[in-house]
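Novice: This structure is in structure tokens; I'll ask about it shortly.
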Amino acid sequence: MRYTTAGESHGRALVAIVSDVPAGVSLTQEAIDGDLARRQGGYGRGGRMRIESDTATVLSGIRFGRTLGSPVALLIENRDAGNWTEVMDAWGPGSAVEPLTAPRPGHADLPGVQRTASEDVRDILERASARETAARVAAGAVAKALLAEFGVSVRSWVEAIGGESTGPLDPHSVDPAAVATSDVSCPDETVAARMRSAIDTARDDGESVGGVFVVVAEGLLPGIGGYAEAASRLDGRLAGAVMSIPAIKGVEVGDGFACASRPGSQVHDEIVPGDGAPRRATNRAGGIEGGMSNGEPLVVRAAMKPIPTLMRPLRTVDIASGEVADAARERSDVCAVPAAAVVAEAEVALVLADAYQEAFGRTALVDMTRAVDAYRARIGW
């Protein structure tokens, strides 16, 4: 399962095309739009999210709530596009639109214009904007639907915002209902209150704040991924997918970086007898060993940097004049860590769905189900 997206932040719409979708997967409009709504929410979001009301229109690949085996095309309209008709006109001369020439530190602006020879930063920032991730979330809903057919679920929560942190949490201790009702997606309301305060302080100071979120996949079979080729290793694929999300600067699986300072006996998970097959006594590896799932919950943790657009902009160099200037200001969020967690759910689900198809077939759900059942029987899972 693969996806491609198209669209600019203030263009008419975003489009996601999901390829290699097996036939027979059940999917609902509510599942797609529910994830899109979660991505829009969260304390610290900016004015753009009060304009948009994201829903996905299915253009192809689904009939009567089931996938057909053909590419699934999804369209998400940008309601804000009406305010940018002249700026984003596909065919107009553009002579009446003043180019944006003050690239923002920390964004794709400057390397983008250097790469493309553009004289207008907007040519870059419209596509590099995190608005594009709405299309990824829609695509990820298709992957989640396939995984659900095999008892695999994907969820997330936030552990840190702006220096306020719960510390690493055990997935078994995190109540999904508490996360769902929190406007910062934090299961600990005491810490959540401090997170909101940190966001308020940043807003007052013209700043932005980042944080740490966790994505967990539960119900995975062991042996998903691969050990023999670099490209098949599940941890590498997951890290690349999550790192592809704008503003993500670090990814770890399981205890990750903490393992570097511990002795091996406190890092590796002992193997113990289980009901039908061996299991792990702990889950410091985060559900992946040797590039493959090991049957324990998959735990991926990611660090998101503060959003580059600041209301008190940093210094930059105007690419037209060569003079020192203040960086451009676009309407932006103060904090989008909870939203990034929803995007990461989609990326994780897409990688896992593809890995399941590699192991059990790509064409039809009924054939995949038979293959999964046979595999379960063989390994005693």
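The values are calculated or read from the model by the stated rules, or taken from the named source; none is laboratory data. Since this is a predicted model, take the numbers as computed values, not measurements. When we count neighbours, we look across all protein chains shown, and the Cβ atoms used for this are built from the backbone with ideal geometry, even at glycine.
Novice: Report every pair of residues separated by at least 6 positions or lying on different chains whose Cβ atoms are under 8 Å apart, first residue within region 259-278 and touching a residue at least 60 places away in the same chain (Cβ under 8 Å), second not hydroxyl-bearing (Ser, Thr, Tyr).
Specialist: 276/380; 276/381; 277/222; 277/295; 277/379; 277/380; 277/381
Novice: Restricting to region 85-112, name every residue that is in a helix (DSSP H, G or I) and surrounded by fewer than 17 Cβ atoms within 10 Å (Cβ to Cβ).
Specialist: Quick first cut of region 85-112, residues in a helix (DSSP H, G or I) only: 109-112.
Within region 85-112, just 111 meets the criteria.
Novice: Within region 309-321, is even one residue touching a Ser or Thr at 6+ places or on another chain (Cβ under 6 Å) and among the hydroxyl-bearing types (Ser, Thr, Tyr)?
Specialist: yes
Novice: In region 153-190, which residue that is among the polar types (S, T, N, Q) and more than 19 Å from the chain's Cα centre (by Cα) is surrounded by the most Cβ atoms within 10 Å (Cβ to Cβ)?
Specialist: Looking at the filtered set, the residue picked out is 166.
Novice: Only one of these is of a type in the set (Gly, Ala, Ser), at negative phi and over 17 Å from the mean Cα position of the chain (by Cα): 239, 303, 230. Name it.
Specialist: 230
Novice: I'd like to check something: does region 44-63 contain any residue that is in a strand (DSSP E or B), basic (Lys, Arg) and farther than 26 Å from residue 306 by Cα?
Specialist: Checked region 44-63: at least one residue is in a strand (DSSP E or B), basic (Lys, Arg) and farther than 26 Å from residue 306 by Cα.
Novice: Go through region 163-215 and give me each residue that's of a type in the set (Gly, Ala, Ser) and assigned to a loop (DSSP other than H, G, I, E, B).
Specialist: 163, 167, 182, 185, 206, 208, 210
Novice: Would you pick out the residues in region 317-348 that are among the β-branched types (Val, Ile, Thr) and within 29 Å of residue 145 (Cβ to Cβ)?
Specialist: Answer for region 317-348, where residues must be among the β-branched types (Val, Ile, Thr) and within 29 Å of residue 145 (Cβ to Cβ): 337, 342, 343, 348.
Novice: If we scan region 60-74, do we find a residue that is in contact (Cβ under 8 Å) with a residue 60 or more places away in the chain, of a type in the set (S, T, N, Q), buried (at least 18 other Cβ atoms within 10 Å of the Cβ) and touching a helix residue (DSSP H, G or I) at 6+ places or on another chain (Cβ under 9 Å)?
Specialist: If we filter region 60-74 for residues that are in contact (Cβ under 8 Å) with a residue 60 or more places away in the chain, which is where we start, we get 67, 69, 72, 74.
The next check asks that each one be of a type in the set (S, T, N, Q); those that pass are 67.
Subset that is buried (at least 18 other Cβ atoms within 10 Å of the Cβ): 67.
Now narrow it down to the ones that are touching a helix residue (DSSP H, G or I) at 6+ places or on another chain (Cβ under 9 Å): 67.
Looking for residues that are in contact (Cβ under 8 Å) with a residue 60 or more places away in the chain, of a type in the set (S, T, N, Q), buried (at least 18 other Cβ atoms within 10 Å of the Cβ) and touching a helix residue (DSSP H, G or I) at 6+ places or on another chain (Cβ under 9 Å), one finds at least one in region 60-74, hence yes.
Yes/no matrix, rows are residues, columns are (1) closer than 18 Å to residue 135 by Cα; (2) at pLDDT 95 or above:
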position: 41; (1), (2): yes, no
position: 53; (1), (2): yes, no
position: 64; (1), (2): no, yes
position: 69; (1), (2): no, yes
position: 75; (1), (2): yes, yes
position: 90; (1), (2): no, no
position: 98; (1), (2): no, no
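Novice: A further question on this structure: Would you confirm, using the coordinates I've provided, whether residue 137 is at negative phi and out of contact with any helix residue (DSSP H, G or I) (no Cβ under 9 Å at 6 or more places or on another chain)?
Specialist: Criteria not met by residue 137.
Novice: Are any residues in region 217-262 part of a loop (DSSP other than H, G, I, E, B) and charged (D, E, K, R), and if so, which ones?
Specialist: Across region 217-262, the qualifying residues are 229, 233, 255, 262.
Novice: Also, I was wondering about something else. Only one residue in 276, 250 is out of contact with any helix residue (DSSP H, G or I) (no Cβ under 7 Å at 6 or more places or on another chain) and on the phi > 0 side of the Ramachandran plot, so which one is that?
Specialist: On the way: 250 fails: on the phi > 0 side of the Ramachandran plot.
276 is the lone residue from the list that is out of contact with any helix residue (DSSP H, G or I) (no Cβ under 7 Å at 6 or more places or on another chain) and on the phi > 0 side of the Ramachandran plot.
Novice: Restricting to region 1-29, and then to whatever is more than 15 Å from residue 356 (Cα to Cα) and of a type in the set (A, V, I, L, M, F, W, C), can you tell me which residue is surrounded by the most Cβ atoms within 10 Å (Cβ to Cβ)?
Specialist: 16
Novice: Kindly provide the set of residues from region 313-330 that are more than 16 Å from residue 98 (Cβ to Cβ), modelled with pLDDT of 90 or more and exposed (fewer than 14 other Cβ atoms within 10 Å of the Cβ), ordered by number.
Specialist: Result: 315, 322, 323, 324.
Novice: Right, something else. Could you list, ordered by first residue, the pairs with Cβ atoms under 9 Å in which the first is in region 118-147 and among the acidic types (Asp, Glu) and the second is part of a helix (DSSP H, G or I) and at pLDDT below 95, at least 6 apart or interchain?
Specialist: The qualifying pairs do not exist here.
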